[in-house]
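Everything below concerns the one structure shown next.
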C-alpha cells in the first residue's frame, strides 16, 4: 500500500483521485492524452436504459469561476456501454464507478441490474441529482423519502456497492444523506451541480437552450466543502467529494472536510492533464504538513481536536 | 503532446473588435491542416475557466508562427485581447478534423464562403488550395465596412467578393446573395460561419459537393463532454460531436 492509497466499498484505489461523471466521457478521449492507469479510478458518464440524445445546444455557458452545463444525460444506452465502452477501459486496471440514471424507478433498477453485473464495474453511483432532465434525476434527489426508497430498490438490484450522488439543491442535505444511508447506501458522492442560469443581457434570452443548467467549477467549492463537512460528521459511510476541485490543495481541503476520495470534474476541461498533475503533487503537500498517509486527511477538520496532528 | 505554451508575437485590433494574434513556439509545426482549431486559454484559469476554440487562420512554418483571428466580444476574449507581446498563451491543439483538400480535382475550382468571424480559416484553406493549383474564389460576408478584415489579403489568393449587411462595402446583403454567379463552374464549396448561414449556403449550393465548418460553444474541445453535438441522419448514433468529429463536415452530413 502506498501512502496515497485509499479504500472505499468496492473501490480499492491507489490514489484518491477519479474523474467525475460526465466530465470524462467513457475515458477514451482522455486516454489519448495520458495513461489512465495513473488514476485512482474513473467515473463513467451516466447510463440510462435506452440511448439518449440529450438537450439542444448551446449546452454550456461560462460563468465567473465556473460553468453551467445542460447536456441532458446524453449516452448510448446501458447495453452499448457494457459492450462497447467498458471493455476499452479494461487494460488500465482501475476501479470503475458506473453512474446510472433514469426517468422511472423501473429504469434505474434495470440499468443497475445490468451494469452492476459487468465484471468491469466496481461500484454504482446512483444519480438522483441531475438538474438537466425533465423526468427523473433531481426529482428523486430532492425528496428524501423518494430518494431513500429508490436507494433501497437500487441497492437490492445491484451486485456492487452503491454510492448515492446527492444534490446540493435541497434545504437540508444532512437529512437527505442520513435517509439514503439508512436505506442501505454504501457511500455518498457529493455534490452534484447547483441549478443556475445565465442570460444574454442584450436580448434577455437564456444562453442555454435548456434555459437552466448545473453550475460547476471553483465557484461551488465552498458549498461542497461546507456540505461534506456537515454530512460526514453525521453519517458513517464514506464520501467521494467533488465540486470545483482543480488542484492538489483542493483535494486535501476536501478530504479535511470529510471526503475519503475526491472526484475532479470541470477542471478536466480546463487542463486535460489535471488529474495526473494533482496525483503527482499530493506527496509533496503531505510532506509539507507532515502527514504520512493521505487517508489520515479524511475529516481532519473536525477530528483534529481528538488527535492533534501536532502531537505526532 | 498537444498542449503548448506559445509566446505572443503580436496582438492587434484589425477591425472593430476583431483581433489578429500571432503566437510562436514549438508545436506550431504540427498545425498543418486548415480548418482545425486551437483551444485557447484566455486567463489564468480562475475566473475565465473555459478555453476558446479559435480556428487557425494562417501558419508560417519558417517562423514557427500561427495566426489566430478572434472577436473580442465577451469578457474572456476581451482579456485575450489584452495579452501583450512576450506573454505566454496556453493552447491545446491542433484539434478537430480540418478541410479535406484532396477531394478537389485540380481542374475544378473552389468557392470559399465565410461569414463574420467564420472567415479566418478560409485564409489558410485558400492558400493551401492555391498551392495545389486550384482556382479559388472567396465570398466574404461582414456586417459592415468597419467589421471587415483581411479583404486585401484574400484578394492576393483569388477573386474576392465582399458582402455587407448595410452595403457599406461590396454587395449589400448576405453571402448567399452573391453566390449565384460563382456556381456556374460547379465549384467545390467550403463554408464557415453561423449555422443559419451554412444552412442557406447548403440550400443554394444544391447538388454541388462541399464542406461546412460548424461553430458552437464548446467545453472540453476533445469529445468528452458532449457540449457541442449536432444532429445527423447519416450516422447510427444520430449525432456528431463538432469538436472531435468536426468541426468540418461534408455538406448534407449534419442537420443544421
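Quick note: the coordinates plus some simple rules give every number you see, no bench work behind them. What you see is a predicted model, and the numbers here were worked out from it, not measured in a lab. In this analysis, Cβ positions are derived from the backbone assuming ideal geometry, glycine residues included, and neighbour counts consider all displayed protein chains.
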Within the range A:7-22, residues being more than 12 Å from every other protein chain (Cβ to nearest Cβ) and within 26 Å of residue A:130 (Cβ to Cβ) number 8
Review point. When you look at residue A:25, is it surrounded by 20 or more Cβ atoms within 10 Å (Cβ to Cβ), at the interface with chain B (Cβ under 9 Å from one of its Cβ atoms), free of Cβ contacts under 8 Å to residues at least 40 places away in the same chain and in contact with a strand residue (DSSP E or B) (Cβ under 8 Å, 6 or more places away or on another chain), yes or no?
Key: yes
Among helices (runs of 4 or more DSSP H) completely within the range A:179-288, the ones holding 2 or more residues that are over 23 Å from residue A:98 (Cβ atoms) are A:221-232, A:248-257
Filter the range B:237-252 for residues that are more than 10 Å from chain A (Cβ to nearest Cβ) and out of contact with any helix residue (DSSP H, G or I) (no Cβ under 6 Å at 6 or more places or on another chain); the one that is surrounded by the most Cβ atoms within 10 Å (Cβ to Cβ) is B:247
**Prompt:** Are any of the residues in the range B:215-236 touching a helix residue (DSSP H, G or I) at 6+ places or on another chain (Cβ under 7 Å) and more than 7 Å from chain A (Cβ to nearest Cβ)?
**Reply:** yes
Considering the range A:72-82, residues that are out of contact with any strand residue (DSSP E or B) (no Cβ under 8 Å at 6 or more places or on another chain) and within 11 Å of chain B (Cβ to nearest Cβ), and then whichever is surrounded by the most Cβ atoms within 10 Å (Cβ to Cβ), we arrive at A:76
*asked:* Here is a check on your reading of the model: is residue A:45 surrounded by 24 or more Cβ atoms within 10 Å (Cβ to Cβ) and under 30 Å from residue A:199 (Cβ atoms)?
replied: yes
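In this structure, does residue B:193 turn out to be more than 13 Å from chain A (Cβ to nearest Cβ), surrounded by 14 or more Cβ atoms within 10 Å (Cβ to Cβ), under 21 Å from residue A:208 (Cα atoms) and touching a strand residue (DSSP E or B) at 6+ places or on another chain (Cβ under 8 Å)?
The answer is yes for residue B:193.
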Pairing a residue in the range A:37-65 that is free of Cβ contacts under 8 Å to residues at least 12 places away in the same chain and facing chain B (nearest Cβ under 9 Å) with any residue that is surrounded by 24 or more Cβ atoms within 10 Å (Cβ to Cβ) and part of a loop (DSSP other than H, G, I, E, B), where Cβ atoms lie under 6 Å and the two sit 6 or more apart in sequence or on different chains, gives A:62/B:50
Given the conditions (1) within 14 Å of chain A (Cβ to nearest Cβ); (2) surrounded by fewer than 22 Cβ atoms within 10 Å (Cβ to Cβ), every one holds for residue B:10 apart from (1)
Expected output for the range B:79-91 (first residue touching a residue at least 40 places away in the same chain (Cβ under 8 Å), partner crowded, with 17+ Cβ neighbours inside 10 Å and assigned to a loop (DSSP other than H, G, I, E, B), Cβ below 6 Å, 6+ apart or cross-chain) is B:80/B:42; B:81/B:72; B:90/B:41
